[in-house]
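A short reminder: the numbers here are calculations on the coordinates, not readings from a lab. This one's a predicted model, so the numbers in the text were calculated from it and none came from an experiment. We place every Cβ from the backbone using ideal geometry, glycine too, and count neighbours over all the protein chains shown.
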Amino acid sequence: MKKLTRMGVIVVIVGVSLLLTTFYRGSNQEGINRFQWLGTPSEGFVFDDRFLLPPRTCQIHLNSSSEVDVYILDEEGIRLWEEKETLEPIWNSSGAKQHTGTFDVNKRGEYAQLVFNIHNATTSIQETFRFSGIEKDLVVASVAITAIGLVTVAASVLLKKFRVRH
């Protein structure tokens, strides 16, 4: 019984620690800087490498040397683009040299960027992604871990009381 109680307390401590870390992390803005150099693509579209985004609010600041269309695709958008060349972005900026926009990343996962080089000119693009808010999936995980620990402690106490009576 002592081992079960001890294990439950440790799991509660881990869950609460993860929860506190998640809230602390959510109070800070994190950023990612990306730089891209586009040559002169014959078709105009450039599919950028895939990257991971956390489920938070994302502010993107775009600075380009010439006008471009920028599309951010989630996993479904990537699949649609690769299979059917159908464009369904979660965020886009059209014909901009400088633009700042905000979008919500609803789930942790793989994302990609598609750039349309409007004038087929050599172009450099500087982007800054800033993240704010709490990562909802980490809150759910930490609450679940804490709950498992609490249930383990409660079960240990109840089993101990049940054994004492019988």
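Per-structure values
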{"quantity": "For K107, net neighbour charge (Lys/Arg +1, Asp/Glu -1) across residues whose Cβ lies under 12 Å away", "calculated": "-4"}
{"quantity": "Label point distance in nm, S17-L87, each placed 7 Å from Cα along Cα→Cβ", "calculated": "4.8 nm"}
{"quantity": "Reachable lysines, given that their alpha-carbon falls under 27 Å from the alpha-carbon of K160 and they are not under 8 places away in the same chain", "calculated": "K2, K3"}
{"quantity": "Normalised contact order of segment 2-156, rounded percent, pairs of Cα under 8 Å and 6 or more residues apart", "calculated": "45 percent"}
{"quantity": "All lysines inside 16 Å of K136 as judged from Cα atoms, apart from same-chain residues fewer than 8 positions distant", "calculated": "K107"}
{"quantity": "Kirkwood Rh, Cα atoms: Rg over Rh of the chain", "calculated": "1.25"}
{"quantity": "Inter-label distance, nm, simple model (7 Å from Cα along the C-beta direction), R108/S65", "calculated": "3.8 nm"}
{"quantity": "Computed helical MRE - 222 nm, the chain, DSSP H runs ≥ 4 contributing -39500 (n - 2.57), nearest 500", "calculated": "-13500 deg cm²/dmol"}
